[in-house]
Structure formats: C-alpha cells, structure tokens
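To start, the structure itself, in structure tokens.
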Amino acid sequence: MSKPSVAKVVKDFMMQANRPYALNDVVDRCGKELGKAAIQKSLDSLVDKEILVVKTYGKHKIYFPKQNENIMELKKNIHITKQKLAQARQAFNSKENQLSEVETKLRSLSKIKTVTQLEEEKEKLMDDIRVTNEKLRCYEAQEQQNKLTAQDIKQIEKQYANVSTAYRKRKRICTDMLDAIMEGYPKTKKALIADIGVETDEEVGFNVQLKR
C-alpha cells in the first residue's frame, strides 16, 4: 500500500479538524518529516482550489476549511457523534445497573455470618447434640428402672428437639452460603470446601441420627 501524498495528509487533517491553524501548527500535527515547504505548498494549493481559506494577520497566515464546502461533512460527523454518544450512554446505563445489582448483593452478603463463624456454631451444636444424646440414653436407661417421670422425659425430648432444630438451621445456612459462593467459583464444590477449610460431618466423624 503506497504512502499518502503530503497534499492528501494535509487536506484530511484540515477537513477533519475543521478549525483554524497556522503553518507551524499544521507542521507539528501532520509531522515534521513531511517537510515544512511541502506542507506550505499543499496549503496554498488547497486555497487555490477553494477547499481552504487563508487569512493574513500581519506576517502570519491562518488556514481553515471553507465552511460552505464542508457543511455536509459536518452534518455527517455530528450524526456519527450522536450515535456514538447514544451507544456510550446505553453502555454506561448497563454498567450502572450491573454495579447496582452487585452492590445490593454485597449488602445482602455482609449480613450473613462468615464460614468460620458458622463452623464454630456448628461445632458447638454438634457437641451439644452429643451431650444431649448421651443424657437421653442415660435417662432412657433410668426410665427403664422407673427413675424417670413422664415430665422428665418430655423436658429432655424438648431440649433435644431445640438443639436438633438449631443444628439443622445452622447447617442449612452454611450450605446456602457455599452455594452462593459457588455461583462465581471456577472449581468444584469439593474443591471450594477444601480451599476454605470447611470440615464436613463425615470428615469429623459426626454421624448422629437426628430425630424428626
């Protein structure tokens, strides 16, 4: 592909810029490697062809596009600019909506307990359930020996039910949080559990059968 002529470079620059320039300004913007004399010659040629207009102020000459010849190009540029502006606004609104959704989700997540906190609560509940199960077995053995009243049994079963319900609730919250993290996590759920150091019931040998 051949290199564009000096005249074409100067003409394209002046028509696109569509504003007044002195010779030195045109040289700086079009490139000094084109040569000041060649650029001067191109400007004068464009004036002769009535593409550019020249105004003399003392020793200085100012060149600018002839407006009545460039009005269609201006309208075209304005139309293109408006289209680009509309596209930019649309893209901005889309990003703004996405940001709003992310901020809403972050506010929601900030109210949720951390995995560490849930794990600590889970461990405590597991201990409580073990203790309660042991007590229940003892009380059941005592009941067989007629040492427990119906009221005692009812109280123990109520306590057991409360602890079991709390354990299920905490476990569900922990599971929901892991599922929420998995939405943007690139690995498997098993890998996520390993990465954040969560221990499952199976890993710690917690195999208590909770009564419904």
Legend entry - Qualifying position, being loosely packed, with under 10 Cβ neighbours inside 10 Å and at pLDDT below 80, among Leu106, Leu178: Leu106
Legend entry - Filter result (farther than 29 Å from Ile78 by Cβ, surrounded by 14 or more Cβ atoms within 10 Å (Cβ to Cβ) and hydrophobic (A, V, I, L, M, F, W, C)) within the stretch 28-66: Leu34, Ala38
Inset, instruction - Name the one entry in Arg29, Arg107, Arg89, Arg19 that is out of contact with any Leu (no Cβ under 8 Å at 6 or more places or on another chain), under 30 Å from Thr175 (Cα atoms) and not assigned by the TED database to the domain that holds Lys171. - result: Arg107
Inset, instruction - Of all residues in the stretch 15-27, count the ones that are closer than 19 Å to Pro4 by Cα and either among the polar types (S, T, N, Q) or surrounded by fewer than 13 Cβ atoms within 10 Å (Cβ to Cβ) (or both). - result: 1
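For (1) assigned to a helix (DSSP H, G or I); (2) of a type outside the set (S, T, N, Q); (3) more than 21 Å from the chain's Cα centre (by Cα); (4) closer than 30 Å to Glu202 by Cα, each residue gets a yes or a no:
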residue: Asn97; (1), (2), (3), (4): yes, no, no, no
residue: Leu125; (1), (2), (3), (4): yes, yes, yes, yes
residue: Gln159; (1), (2), (3), (4): yes, no, yes, yes
residue: Arg172; (1), (2), (3), (4): yes, yes, yes, yes
residue: Tyr185; (1), (2), (3), (4): no, yes, no, yes
Inset, instruction - Could you please find all residues in the stretch 120-154 being surrounded by 12 or more Cβ atoms within 10 Å (Cβ to Cβ), modelled with pLDDT under 85 and not charged (D, E, K, R)? - result: Leu136, Cys138, Tyr139, Gln142, Leu148, Ile153
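The values are calculated or read from the model by the stated rules, or taken from the named source; none is laboratory data. A quick note: this is a predicted structure, and the numbers were derived from the prediction, not measured. Every residue, glycine among them, receives a Cβ derived from its backbone with ideal geometry; neighbour counts consider all protein chains shown.
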